[in-house]
Amino acid sequence: MAVKDLTDAELLVLGLVAEMPRHGYQLDQVIEQRVMREWTQIGFSSIYFVLGKLEQMGLVTAKRPAEAKSKAKRIYAVTKAGRRALVTQALAALSTIRPTYSSVLLGMVNWQVLERNAALEALQARGKAIETELARLGNIQIDQQPLPDFVEALFDHSLGQLRAEAEWVSRTSAYMANKPWLE
């Protein structure tokens, strides 16, 4: 049976379960410890929903520990089909480009209705927010040392995107400040 494309949350949770069997609360702890919410959107309440979907798809199984009470947390483990889907979809995620949707694009497309100083100040505020975020993520990266190579690559990717956007904001702010204003 072919597995549909997994959502980002499904791929994340499946990968964590593939590392070792875990229950939902443990998954949330790992997500928190690894600071994964910096680059993916998954809330605590979503974890059990995602686990249920993965179980329905046959990608994970769930068991209660034999010695546990009836309300004990279910431990989820990856199935063979789950491991195959994980490998296939992780490779696809690495090799393909998906569009990203940034709020800055919505602001720029509506530039013509803005007052010049307010628009330029908003771009400058974005630039300052990016600099603050660069420092914050850089500090998290340092605090988490030593990190596995692939985690260093995650930080490098995020920081690289922020640096590119900071450069774009600076260049665009200067360009737009010198253009005749749309009236």
For the chain, the charge dipole (Cβ of Lys, Arg +1; Cβ of Asp, Glu -1; about the Cα centre) points to a positive end, and the Cα of GLN161, PRO180, ALA9 closest to that extreme belongs to ALA9
Between THR79 and residues 5 or more places away or on another chain, the pairs with built amide H atoms under 5 Å apart involve VAL60, THR61
GNM of the chain, Cα pairs under 10 angstrom: of TYR25, TYR101, TYR76, the biggest fluctuation goes to TYR101
For the ALA153, LEU114 Cβ pair and Förster radius 41 Å, calculated FRET efficiency rounded to 0.05 is 0.60
Partner lysines whose C-alpha sits under 16 Å from that of LYS73, ignoring same-chain residues fewer than 8 away, are LYS63
About its Cα centre, the range 103-177 carries a charge dipole, from +1 on Lys and Arg Cβ atoms and -1 on Asp and Glu Cβ atoms, whose size in debye to the nearest 20 is 340 debye
Sorting GLN89, GLN141, MET36 by the position of each Cα along the dipole of the chain (Lys, Arg +1; Asp, Glu -1; all at Cβ), the one nearest the positive end of that ordering is GLN89
Candidates LEU86, LEU106, LEU134; GNM for the chain (alpha-carbon contacts under 10 Å) flags as most fluctuating LEU106
Note: the range 52-178 at 25 °C, 0.890 mPa s; Kirkwood Rh on alpha carbon pairs; Stokes-Einstein D in µm²/s works out to 128 µm²/s
One finds the C-alpha centres of the range 107-148 and the range 14-76 to be spaced, in Å, by 33 Å
Per the charge dipole of the chain (beta-carbon charges, Lys/Arg positive, Asp/Glu negative, Cα centre), the residue among SER103, THR79, VAL151 reaching farthest to the positive end is THR79
Plugging the Cβ-Cβ distance of TYR101 and TRP168 into 1/(1 + (r/R0)^6) at R0 = 22 Å yields, to the nearest 0.05, a FRET efficiency of 0.90
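We did not get these values from a lab; they are worked out from the coordinates using the rules stated. Remember, it's a predicted structure, so these values are computed and weren't measured experimentally. Don't worry about glycine lacking a Cβ; one is built from the backbone with ideal geometry, like all the others, and counts go over all protein chains shown.
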